[in-house]
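Only one structure is covered here, and it is reproduced in the block below.
The values are calculated or read from the model by the stated rules, or taken from the named source; none is laboratory data. Not measured: the values here are computed from a predicted model. Every residue, glycine as well, gets a Cβ built from its backbone with ideal geometry; the counts of neighbours run over all protein chains shown.
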Amino acid sequence: MPDHHLAPSALPPAALASVKRRTVLQRAAALAGLSLAPQLALSARADAALPIVPYVSTPPDVTLRMLKMARVGPGDTVYDLGCGDGRIVIAAARRHGARGIGIDLDPERIREARANALRAGVQGRVRFRQADLFATDFSPASVVMLYLLFEVNLKLMPILWRQLRVGSRVVSHDFHMGAQWPPQQIERVRDKTLYAWTITPELKQGS
């Protein structure tokens, strides 16, 4: 019978590196309140009816940290799913020279976002669409920003894997994606938790 309790020093180098990386993610996840639940349970929740996502604006300092975590630059196209008043894509355009697309179901938020872009002078670099997230093509995005809910993230996750190009970055405010896609980076801004991922070739193969 194989020994499943080998000391770390007895593991091959590749396996040891994997164990160390997993341990770091688990410790970071524990600090941020991230539960690495079994994949089967997460899949079951993803099939449940989705809750309505309330509109809560992202504080300015959190917006800036999300853009930093995503390493947004002039060559990026930033999609904000559930964009609200448009502040994230507007900041991406103003501060980093990026282009942006904001998606929201609420027509009032879309009108507000367009007015804000006009006031900021970036109306030529950003667009806002009233649309269903699950009927939207994200493939032009190099960065996707999320401030949704855990259940919504779970349903979006395989769509992001399938549509986004390798190297695209995803950053979520306060809601992670569970054990199926552990974050590569977790940061705290006051009482807020931010999670970041990158689309890898392995994810594309699994999608």
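Considering (1) surrounded by 22 or more Cβ atoms within 10 Å (Cβ to Cβ); (2) over 10 Å from the mean Cα position of the chain (by Cα), the lone condition that Leu146 does not fulfil carries the number (2). Report yes if Leu160 is of a type in the set (A, V, I, L, M) and assigned to a helix (DSSP H, G or I), otherwise no. It is true that Leu160 is of a type in the set (A, V, I, L, M) and assigned to a helix (DSSP H, G or I).
For segment 158-172, a residue qualifies if it is surrounded by fewer than 22 Cβ atoms within 10 Å (Cβ to Cβ) and touching a residue at least 40 places away in the same chain (Cβ under 8 Å), and the qualifying residues are Pro158, Trp161, Arg162.
Annotation note: of Ala120, Ala113, Ala179, Ala131, the sole residue that is surrounded by fewer than 19 Cβ atoms within 10 Å (Cβ to Cβ), closer than 20 Å to Val53 by Cα and of a type in the set (A, V, I, L, M) is Ala131. Which residues, counting only those in segment 59-95, are of a type in the set (Ser, Thr, Tyr) and either assigned to a helix (DSSP H, G or I) or surrounded by fewer than 23 Cβ atoms within 10 Å (Cβ to Cβ) (or both)? Hits for segment 59-95 are Thr63, Thr77. Of all residues in segment 182-207, those satisfying the criterion of being surrounded by fewer than 19 Cβ atoms within 10 Å (Cβ to Cβ), in contact with a helix residue (DSSP H, G or I) (Cβ under 9 Å, 6 or more places away or on another chain) and either of a type in the set (Asp, Glu) or assigned to a loop (DSSP other than H, G, I, E, B) (or both) are Gln184, Glu187, Arg190, Ser207. May I ask you to list pairs of residues, at least six apart or on different chains, whose Cβ atoms are under 8 Å apart, with the first in segment 64-79 being closer than 15 Å to Arg165 by Cβ and acidic (Asp, Glu) and the second being modelled with pLDDT of 95 or more and not in a strand (DSSP E or B)? What qualifies is Asp76/Ala70; Asp76/Ala92; Asp76/His96; Asp76/Ala98; Asp76/Ser142. What is the residue count in segment 122-143 for residues that are under 14 Å from the mean Cα position of the chain (by Cα) and either aromatic (Phe, Trp, Tyr) or modelled with pLDDT of 95 or more (or both)? Summing the residues that are under 14 Å from the mean Cα position of the chain (by Cα) and either aromatic (Phe, Trp, Tyr) or modelled with pLDDT of 95 or more (or both) in segment 122-143 gives 4.
Every condition in (1) closer than 17 Å to Val53 by Cβ; (2) more than 11 Å from the chain's Cα centre (by Cα) is met by Glu202 except one, and the failing one is (1). Checking the stated criteria, Asp80 turns out not to satisfy the condition of being modelled with pLDDT of 95 or more and touching a His at 6+ places or on another chain (Cβ under 8 Å). Of the candidates Ala120, Ala135, the single residue that is out of contact with any Asp or Glu (no Cβ under 7 Å at 6 or more places or on another chain), under 19 Å from Thr63 (Cβ atoms), among the aliphatic types (A, V, I, L, M) and free of Cβ contacts under 8 Å to residues at least 40 places away in the same chain is Ala120.
The set of residues from segment 96-110 being assigned to a loop (DSSP other than H, G, I, E, B) and surrounded by fewer than 20 Cβ atoms within 10 Å (Cβ to Cβ) comprises Gly97, Leu105, Asp106.
Scanning segment 145-187 for residues that are within 15 Å of Thr58 (Cβ to Cβ) and modelled with pLDDT of 95 or more yields Met145, Leu146, Val171, Ser172, His173, Glu187.
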